[in-house]
């Protein structure tokens, strides 16, 4: 897993490197710039056509540390390429390590131009092969203004490939939201470690492809005290070792899916099939008795269990004893897909959440039942894994969706910690958190998965992994990662526009093979 940093955490790493490890700030800057220059040299052929490679690389530098990084880049690139450097401020205003790099660049033959004539900058940018954005780094605060804002707008108007150093100028490194006008980068070369804002929308789109450039700080020191990480395939694969020769269906657990109501039987079927495609040994779908024949007709492999129902043909409160007894014979429970919002059904859902001593995946209508009743979660007799989208999270917390989306990481972290649950906030770069306060960001998935039923698929996968005996945190991480990977593989086959939930279920087998390196 890769550590992910806030701006403050990154500053702390730099400070520890200087004060505890004895690495001068100028050396960190030199390492960052040299690493970025090497990456740019490698990437130029992929960014521009052969005919354009003779054009100069234009480096636009601010007066702080990010500008110093850019000056190192310019000095190193000049050995191989034509380079032009523009400064946002007079050299007399450049201080500290950046001033040292300016002097080194001058000695190497770089002749920076102080931006004064907007037309000259515009012309240079338009004629560039690649533009390097070195205006504002991770530590910048406030809305870009004055010459900085004008330079950002000029970079965007030029429509040339842009490589941003550390973060695109004008982007909040923590939230991924624009602070005002912001550079639209083709690629971002971020230093020492990944920044949160490069993974969260819209920052992920504004940053383009992202590479991490080491700066000479040992990896263990970089990751010290960090509690936010990006999942990698190597984090997920160990949960799925080769199956023993003597395995049988009981080896891989029995999942009880409590789902479905009139008009929503498909949700139950999708969750059940996803659990089986996720490797669960046995699945039973418990649903309203009038809908049981419909669910059974949609499924071959799963079993079904008819339950007492309300007049609205949702599961009735009288099903409680039946479900408690059924859960005793199963290894985990998944509840919520298509269950309905009838008052009686919602009350049953809360009682089951409070009473069942089995790990439980909670989604969809079951999440709505918890709104205003979150106090039942901390005392639940077994782990609870919740899978809300932003609207469901907002409903449970009694806030607006915008409040949830403003800081997805901290919202999810606080929810999981406060209510002692495991939780994923779904969306672009889903956020996974546990009671211990650690957060994992999921890199898989695509916009084609914004389609009805894909959440039910995730519920089934998660419930199945819980039934297979995975520890709840690992089960949630694996489910979210493989769900997104299956969506990516399905999109390669059918495209994002035509992707439906059933495609994700069918692609789960390919996702497991990909995870295993086959």
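The values are calculated or read from the model by the stated rules, or taken from the named source; none is laboratory data. Nothing here was measured: the structure is a model prediction, and the numbers come from that model. In this analysis, Cβ positions are derived from the backbone assuming ideal geometry, glycine residues included, and neighbour counts consider all displayed protein chains.
Could you tell me whether residue 121 is touching a helix residue (DSSP H, G or I) at 6+ places or on another chain (Cβ under 6 Å), at pLDDT below 95 and either on the phi < 0 side of the Ramachandran plot or outside any helix (DSSP H, G or I) (or both)?
For residue 121, the condition - touching a helix residue (DSSP H, G or I) at 6+ places or on another chain (Cβ under 6 Å), at pLDDT below 95 and either on the phi < 0 side of the Ramachandran plot or outside any helix (DSSP H, G or I) (or both) - is met.
Check whether at least one residue in segment 51-58 is on the phi < 0 side of the Ramachandran plot, assigned to a helix (DSSP H, G or I) and in the same structural domain as residue 88 (by TED's automatic domain parsing), and report yes or no. I'd like the intermediate steps shown before the answer.
To start, the set of residues in segment 51-58 that are on the phi < 0 side of the Ramachandran plot comprises 51-58.
In the following step, the residues that additionally are assigned to a helix (DSSP H, G or I) were identified as 51-52.
Add one more test, that the residue is in the same structural domain as residue 88 (by TED's automatic domain parsing), and what stays is 51-52.
Yes, the conditions are met somewhere in segment 51-58.
In segment 399-418, which residues are modelled with pLDDT of 95 or more and not in a helix (DSSP H, G or I)?
399, 400
Of the residues in segment 397-414, how many are touching a residue at least 24 places away in the same chain (Cβ under 8 Å) and in contact with a strand residue (DSSP E or B) (Cβ under 8 Å, 6 or more places away or on another chain)?
Residues of segment 397-414 that are touching a residue at least 24 places away in the same chain (Cβ under 8 Å), as a first pass: 398, 406-409, 412-413.
Filter again for in contact with a strand residue (DSSP E or B) (Cβ under 8 Å, 6 or more places away or on another chain), leaving 408-409, 412-413.
Summing the residues that are touching a residue at least 24 places away in the same chain (Cβ under 8 Å) and in contact with a strand residue (DSSP E or B) (Cβ under 8 Å, 6 or more places away or on another chain) in segment 397-414 gives 4.
If you check 135, 198, 165, which single one turns out to be more than 16 Å from residue 73 (Cβ to Cβ) and either buried (at least 24 other Cβ atoms within 10 Å of the Cβ) or without any contact (Cβ under 8 Å) to a residue 40 or more places away in the chain (or both)?
Working: 135 fails: more than 16 Å from residue 73 (Cβ to Cβ); 165 fails: more than 16 Å from residue 73 (Cβ to Cβ).
Going through 135, 198, 165 in turn, the sole match is 198.
Quick one: which strands (runs of 3 or more DSSP E) sit completely within segment 279-362 and have at least 3 residues that are touching a helix residue (DSSP H, G or I) at 6+ places or on another chain (Cβ under 6 Å)?
The qualifying strands (runs of 3 or more DSSP E) are 282-288, 303-307, 332-335.
Residue 476 - would you say it is touching a residue at least 40 places away in the same chain (Cβ under 8 Å) and under 22 Å from residue 258 (Cα atoms)?
Values: touching a residue at least 40 places away in the same chain (Cβ under 8 Å): yes; under 22 Å from residue 258 (Cα atoms): yes.
Answer is yes for this residue.
Could you go through segment 16-23 and let me know if any residue there is touching a strand residue (DSSP E or B) at 6+ places or on another chain (Cβ under 9 Å), surrounded by 15 or more Cβ atoms within 10 Å (Cβ to Cβ), on the phi < 0 side of the Ramachandran plot and in the same structural domain as residue 199 (by TED's automatic domain parsing).
No, segment 16-23 contains no residue that is touching a strand residue (DSSP E or B) at 6+ places or on another chain (Cβ under 9 Å), surrounded by 15 or more Cβ atoms within 10 Å (Cβ to Cβ), on the phi < 0 side of the Ramachandran plot and in the same structural domain as residue 199 (by TED's automatic domain parsing).
Among the residues of segment 365-396, count how many are assigned to a helix (DSSP H, G or I), more than 22 Å from residue 271 (Cβ to Cβ) and in contact (Cβ under 8 Å) with a residue 24 or more places away in the chain.
Restricting attention to segment 365-396, the residues satisfying the condition of being assigned to a helix (DSSP H, G or I) are 365-370, 374-376, 390-396.
This time we only want the ones that are more than 22 Å from residue 271 (Cβ to Cβ), so: 374-376, 394.
Those left that are additionally in contact (Cβ under 8 Å) with a residue 24 or more places away in the chain: 374, 376.
Counting residues in segment 365-396 that are assigned to a helix (DSSP H, G or I), more than 22 Å from residue 271 (Cβ to Cβ) and in contact (Cβ under 8 Å) with a residue 24 or more places away in the chain gives 2.
If the requirement is being surrounded by 20 or more Cβ atoms within 10 Å (Cβ to Cβ) and either out of contact with any strand residue (DSSP E or B) (no Cβ under 9 Å at 6 or more places or on another chain) or not in a loop (DSSP other than H, G, I, E, B) (or both), which of these qualifies: 30, 42?
30
Tally time: how many residues in segment 139-162 are under 24 Å from residue 407 (Cα atoms), crowded, with 19+ Cβ neighbours inside 10 Å and touching a residue at least 60 places away in the same chain (Cβ under 8 Å)?
Here is the first cut: in segment 139-162, the residues under 24 Å from residue 407 (Cα atoms) are 139-144.
Pick out the ones that are also crowded, with 19+ Cβ neighbours inside 10 Å and you get 140, 144.
After this cut, where a residue has to be touching a residue at least 60 places away in the same chain (Cβ under 8 Å) as well, the list is 140.
Of the residues in segment 139-162, 1 are under 24 Å from residue 407 (Cα atoms), crowded, with 19+ Cβ neighbours inside 10 Å and touching a residue at least 60 places away in the same chain (Cβ under 8 Å).
Quick test for you: out of 453, 448, 473, pick the one residue that is assigned by TED's automatic domain parsing to the domain that holds residue 280 and closer than 19 Å to residue 416 by Cβ.
473
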